[in-house]
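Student: Here it is, the structure in full.
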Amino acid sequence: MGHAVAVCGMPGSGKGEFAKIISDNGIPVRSMGDMVRAEVAARRLNGSPTVFGEVAADLRRKFGDDILAKRLADEVSNLMLNHSIVLIDGMRGTAEYEMFSTRWGSDFTSIAIIANQDVRFQRTQERGRPEDGDRQQFQIREEREAGWGLNSLIEQADYSIINESTLMELTEATDGWLSEFRKKISHDKHNLR
């Protein structure tokens, strides 16, 4: 059985870039944000900055704060049968953490990508995603995700990477973390035998 790792971070922190680097290392990645984007498309809604947050909040209101985690967990478990690590991109709430932690126990780890607010806002302006709006929309999104418990997830993450510089530095930090993490889980599995 493999190990599930969930990455969290505030909007624009670099979770997506982290996930891409992890994917480039041959590790399967499943995105919680992609699930919201798919739901927006399924509802045939316009991709305005507010709609993604509204749909995510609506899903949580109707089905519980852990709905995205529940929808993703079986697929991740199946991937864990054939992969030593599977990355979940975009864990945003404590209910999601609880669901993953309960399901996988010691085979679950969290990592936070951290950057200050000004750096993150600038990044959102440069990447051009439909869910990114102006400074006011950015602030609304920050407050909504903080309300789901994202700040607690970041503070209590098993690992963290500071990402306030270049993509090259994030790549080096991520590759270094991944190398050490692979050694750790290999050592832990060996000691369980």
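Student: Rg and Dmax of the chain, Cα atoms, in Å?
Tutor: Over the chain's Cα set, Rg and Dmax evaluate to 16.3, 53 Å.
Student: Tell me, what % of the accessible area of the chain is carbon and sulfur with a 1.4 angstrom probe? Let's see the in-between values first.
Tutor: On the way: 4660 of 9700 Å².
So the carbon and sulfur contribution to the accessible surface is 48 percent.
Student: Amide H neighbours of Ala112 under 5 Å, at least 5 residues apart or on other chains, H built in the peptide plane: list them.
Tutor: Hits under the 5 Å cutoff: Cys8, Tyr159, Ser160, Ile161.
Student: Considering only Cα-Cα distances, which of the following residue pairs are longer than 32 Å: Lys62/Lys184; Lys20/Lys183; Lys62/Lys189?
Tutor: Numbers: Lys62/Lys184 39 Å; Lys20/Lys183 21 Å; Lys62/Lys189 39 Å.
With Cα atoms farther than 32 Å apart: Lys62/Lys184; Lys62/Lys189.
Student: Next up: Which value at 222 nm does the chain reach when only helices count, each DSSP H run of 4 or more adding -39,500 (n - 2.57), with the total divided by all residues and rounded to the nearest 500 deg cm²/dmol? If you can, show how the numbers build up before the last one.
Tutor: Working: 9 runs with 118 residues, N = 193.
Only helices count here, giving -19500 deg cm²/dmol.
Student: Suppose all protein chains stay in the model; what accessible area per residue would a 1.4 Å probe give for the chain, in Å²?
Tutor: I get 50 Å² per residue for the chain.
Student: Further question on the same structure: Along the charge dipole of the chain, Cβ charges K/R +1 and D/E -1, which of Gln136, Ala41, Leu87 sits furthest on the positive end?
Tutor: Ala41
Student: For the Cα atoms of the chain, what angle does the longest principal axis make with the long axis of helix 49-63, in degrees from 0 to 90, nearest 10?
Tutor: In the chain, helix 49-63 runs at an angle near 60 degrees to the longest axis.
Student: Net charge near Asp65, counting Lys/Arg +1 and Asp/Glu -1 over other residues with Cβ under 13 Å of its Cβ?
Tutor: Numbers: positive: Arg60, Arg61, Lys62, Lys70, Arg71, Arg92, Arg144; negative: Asp58, Asp66, Glu96, Glu98, Glu145.
Summing Lys/Arg as +1 and Asp/Glu as -1 gives +2.
Student: Where does each of 82-92, 2-12 land if you order them by average Cβ count within 10 Å, highest first?
Tutor: Put in order of decreasing packing, that is 2-12, 82-92.
Student: Using the Karplus curve 6.51 cos²θ - 1.76 cosθ + 1.60 with θ = phi - 60°, what ³J(HN,Hα) values do you get for each residue of region 148-156, in whole Hz, with x for Gly and Pro?
Tutor: 7, x, 4, 4, 5, 4, 5, 5, 9
The values are calculated or read from the model by the stated rules, or taken from the named source; none is laboratory data. Computed from a predicted model, the values in this text were never measured in an experiment. Backbone-built Cβ (ideal geometry, glycine too); neighbour counts: all protein chains shown. Each accessible area value is taken on the protein alone, full model and side chains, heavy atoms only, with ligands, DNA and RNA left out. Shrake-Rupley method; radii C 1.70, N 1.55, O 1.52, S 1.80 Å.
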